[in-house]
1. Please go through segment 41-71 and give me each residue that is among the acidic types (Asp, Glu), farther than 9 Å from Pro25 by Cα and buried (at least 21 other Cβ atoms within 10 Å of the Cβ), ordered by number.
2. Inside segment 1-38, can you point out the residues that are under 19 Å from Asp100 (Cα atoms) and either of a type in the set (Val, Ile, Thr) or at pLDDT 95 or above (or both)?
3. Against the condition within 15 Å of the chain's Cα centre (by Cα), at pLDDT 75 or above and not β-branched (Val, Ile, Thr), how does Leu90 come out, does it pass?
4. Just to verify a result, which residue in segment 14-61, among those that are assigned to a loop (DSSP other than H, G, I, E, B) and among the aliphatic types (A, V, I, L, M), is farthest from Leu84 (Cα to Cα)?
5. Give just the number: which of (1) modelled with pLDDT under 90; (2) surrounded by fewer than 11 Cβ atoms within 10 Å (Cβ to Cβ); (3) within 19 Å of the chain's Cα centre (by Cα) does Gly114 not satisfy?
6. Contact list please: Cβ distance under 8 Å, first residue in segment 16-43 and over 20 Å from Gly89 (Cα atoms), second residue in a helix (DSSP H, G or I), pairs at least six apart or on different chains.
7. Does Ile88 satisfy being part of a helix (DSSP H, G or I) and either in contact (Cβ under 8 Å) with a residue 40 or more places away in the chain or surrounded by 13 or more Cβ atoms within 10 Å (Cβ to Cβ) (or both)?
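The values are calculated or read from the model by the stated rules, or taken from the named source; none is laboratory data. Since the model is a prediction, treat every value here as computed from it, not as a measurement. Every residue, glycine among them, receives a Cβ derived from its backbone with ideal geometry; neighbour counts consider all protein chains shown.
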Amino acid sequence: MDAECQLKLAILPVTPPGAVAYAGPGFFAELERLHGRRILADCGERAGDVLACLRSGLRLVRHIGPRERTERLAAIARALGGELRQEIGLPLLAIDSADDLISRCRTWRRAAPGAIQPV
């Protein structure tokens, strides 16, 4: 959250593609609890992972399956106060735990002010 305050930039942590399948929804629910912020949990094409995320308390999930299935899952998510996304949304800045978030964001802003493409 320091980066958001210093840079006046909204930051949404996003899991790697399909990460719920190998880390489990409980892991990401605990990360949300520890950090006090929402995480976009990527479930890939796995509808069962979307439902597991919702059961574990996650309210922001991503699913990239067929339209009809995605619409049904989105209705379930909305009924529980959540949101199902098919797209992550841009801009996207890929970082890992060794990166200095504030420094990376400043570099990105200088390189691509107003950009809507992933960096």
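1. Asp42
2. Those that are under 19 Å from Asp100 (Cα atoms) and either of a type in the set (Val, Ile, Thr) or at pLDDT 95 or above (or both): Ile11, Val14, Thr15.
3. Considered against the rule, which asks whether it is within 15 Å of the chain's Cα centre (by Cα), at pLDDT 75 or above and not β-branched (Val, Ile, Thr), Leu90 comes out as no.
4. Ile39
5. (3)
6. From residues that are over 20 Å from Gly89 (Cα atoms), the pairs are Ala21/Asp49; Gly24/Ala52; Pro25/Asp49; Pro25/Ala52; Pro25/Cys53; Pro25/Arg55; Ala29/Cys53.
7. no
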